[in-house]
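Enquirer: Next up is a structure, given as structure tokens.
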Amino acid sequence: MVAAASEAITDAPFGSVFADRMALCEFREGQWSQPGVVRTEALSLHPGAHVLHYASGCFEGLKAFRSDGGEAWLFRLDRHVARMRTSAELLCLPVPEPELLAAMIRRTVESNRDEIPPPPGALYLRPTLIGTQANIGAAATSSTEAFLYVLASPVGDYFRGSGMRALRLLVEVDHMRSTPDFGAAKTGANYAAALRHVARARREHDADQVLFCPGGDVQETGASNFLLIDDHEVVTKPVDGSYLDGVTRDSVLRLAADLGYRVTERDITADEVIAWTRRGEAALSGTAAVLAGVGTLVFRGQEYTVGDGGVGRNTRRLREALTGIQHGASPDRFGWLTPV
Ligand SMILES: *Cc1c(COP(=O)(O)O)cnc(C)c1O
């Protein structure tokens, strides 16, 4: 019965099921309240709350895993905490101390320990920070009040059932996902800015995602970083503030270097992506999908098959190297796991 119930949860679409408890605290009169753990249920917000009008919200996404023996750990907690602080700063929200944020994430995992699915499933954690001050005249000032909470969602294998299907991407050179200096914020505002382009790509090209390359400069897709891979090299754009500095991206680059690949961080053009994928591989990286192979590109009305259209062997190899560490099957050689 228990197994059936947890299977049902991890069979549900990613992010559609929530764990029972979340850590929560409030910022008010210049300080954070003592964080507590509450049931995952509706929050009370004033209809004039800053986030609802001026989009003062940011979030994180990280995973907790567990062993058969019941131990649990977080993957790269420090990097996610640091990035949330960067996002909070970019959105002029109160910036929580690293210790507060880390403690709230750990408490959320502890409080939902029984809801962590076994690998390849995980407990996906969504720390969220929103401006709650009730003042629709505050367009030009930052919110003096905020909620900080950590939602948790048991998730299965992102590719469950699809056998790790290679993705179909629309290569978009006319539109931007974000602005050149706001791409580093993990914020709903950037998703809102990209949504109509992603929705159109789905509708008109049956694409899974859009690879944003404003003026030909390859940045990332709507929610994942982009890498070119072959038997010898991994190439990706350097971190420059125009796109989200992914923790998975960083982890894959470190593992690739360790496995003997040359790691090259340089600007890439859309034309070069087409040329590369005649012989090499392309992949998307992100916490949810880990490393997902690209099978088809649609560019200027033409369709290009990447390799044989499936997930490339180097992509699989790097993905397995990473999930091996995350699932506790390989040694944690880089110190990426935090026990909870
Ligand atoms: C979260 C996110 C990523 C992936 O970052 P990870 O840290 O690897 O999960 C990439 N792009 C965008 C826009 C994101 O929001």
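The values are calculated or read from the model by the stated rules, or taken from the named source; none is laboratory data. The model shown is predicted, which means the values in this text are computed figures rather than measured ones. So basically every Cβ, Gly included, is an ideal-geometry build from the backbone, and we count neighbours across all protein chains shown. Quick note on the areas: whole protein, heavy atoms, side chains included, nothing else; ligands and nucleic acids left out. Shrake-Rupley method; radii C 1.70, N 1.55, O 1.52, S 1.80 Å.
Enquirer: Given +1 on the Cβ of Lys and Arg, -1 on the Cβ of Asp and Glu, and no further charges, what dipole in debye does segment 228-299 carry about its Cα centre, rounded to the nearest 20?
Expert: Charge dipole of segment 228-299: 120 debye, to the nearest 20.
Enquirer: Same structure again: Roughly what would the spin-label model give for R313 and D174, points 7 Å off Cα along C-beta, in nm?
Expert: 4.0 nm
Enquirer: In deg cm²/dmol and to the nearest 500, what is the mean residue ellipticity at 222 nm of the chain if only DSSP H runs of at least 4 residues count, each as -39500 (n - 2.57), divided by the residue total?
Expert: Values: 8 runs with 94 residues, N = 340.
Theoretical 222 nm ellipticity from helices: -8500 deg cm²/dmol.
Enquirer: Would you mind calculating the gained length between W32 and E265 on full extension (0.36 nm times residue separation, minus the Cα-Cα distance), in nm to one decimal?
Expert: Net length gain for the segment: 80.0 nm.
Enquirer: If you project the alpha carbons of segment 221-274 onto the principal axes, what extent comes out on each, in Å, largest first?
Expert: Each principal axis gives a Cα extent; for segment 221-274 these are 28, 26, 17 Å.
Enquirer: Quick check for you: with a 1.4 Å probe and neighbouring chains kept, what is the accessible area per residue of the chain, in Å²?
Expert: Counting only protein heavy atoms, the per-residue value for the chain is 45 Å².
Enquirer: Give the Kirkwood hydrodynamic radius (Å, one decimal) of the chain, defined as one over the mean of 1/r across all pairs of different Cα atoms.
Expert: Working: mean 1/r = 0.0480 Å⁻¹.
Computed over Cα pairs of the chain, the Kirkwood hydrodynamic radius comes out at 20.8 Å.
Enquirer: Based only on Cα atoms, what mean projected area does the convex hull of segment 154-205 have, in nm²?
Expert: That works out to 5.4 nm², a quarter of the Cα hull's surface.
Enquirer: In Å and on Cα atoms, what radius of gyration and Dmax does segment 1-157 show?
Expert: That works out to 16.3, 54 Å for Rg and Dmax.
Enquirer: Per 5 Å bin from zero, what fraction in whole % of the C-alpha pairs of segment 108-258 is there, up to the bin with the longest pair?
Expert: Pairs per bin, as whole percents: 2, 8, 12, 15, 18, 18, 14, 9, 4, 1, 0, 0.
Enquirer: Still on this structure, I have one more. Magnitude of the Cβ-charge dipole of the chain, K/R +1 and D/E -1, about the Cα centre, nearest 20 debye?
Expert: Working: 35 positive and 42 negative charges, 56 e Å.
The calculation lands at about 280 debye.
Enquirer: Go through 64-74, 214-224, 308-318 and give me the packing order, highest mean Cβ count within 10 Å leading.
Expert: Answer by packing, highest mean first, reads 214-224, 308-318, 64-74.
Enquirer: So how compact is segment 193-327: Cα radius of gyration and Dmax in angstrom?
Expert: Every Cα atom of segment 193-327 included, Rg and Dmax give 14.1, 41 Å.
Enquirer: Hey, if you put +1 on the Cβ of every Lys and Arg and -1 on every Asp and Glu Cβ in segment 43-185, which of H53, F182, L74 ends up farthest toward the positive end of that dipole?
Expert: Positive-most Cα among the choices belongs to L74.
Enquirer: Oh, and also: May I ask you to work out the translational diffusion coefficient for segment 258-297 at 4 °C, viscosity 1.567 mPa s, via Stokes-Einstein with Rh from the Kirkwood sum over Cα pairs, reported in whole µm²/s?
Expert: D = 109 µm²/s.
Enquirer: Follow-up. For V95 and A275, FRET efficiency with R0 = 45 Å and r from the beta-carbon atoms, rounded to 0.05? List each step's numbers first, then the result.
Expert: On the way: r = 43 Å, r/R0 = 0.95.
E(calc), rounded to 0.05, equals 0.60.
Enquirer: Show me the ranking of peptides 281-292, 166-177 by mean Cβ neighbours inside 10 Å, starting with the highest. Mind showing how you got there, number by number?
Expert: Values: 281-292: 24.6, 166-177: 20.8.
The most tightly packed comes first, giving 281-292, 166-177.
Enquirer: Under a crude label model (7 Å from the Cα following the beta-carbon direction), how far is A134 from Y304 in nanometres?
Expert: 5.5 nm
Enquirer: Here is a further query. Among F299, S242, V252, which residue has its Cα positioned farthest towards the positive end of the charge dipole of segment 240-340, with +1 placed on the Cβ of Lys and Arg, -1 on the Cβ of Asp and Glu, and the dipole taken about the Cα centre?
Expert: Value: V252.
Enquirer: Right, next: Just report the Cα centroid separation between segment 196-263 and segment 319-340, whole Å.
Expert: Comparing the Cα centres of segment 196-263 and segment 319-340, I get a distance of 22 Å.
Enquirer: Further question on the same structure: Given +1 on the Cβ of Lys and Arg, -1 on the Cβ of Asp and Glu, and no further charges, what dipole in debye does segment 145-268 carry about its Cα centre, rounded to the nearest 20?
Expert: So the magnitude is around 440 debye.
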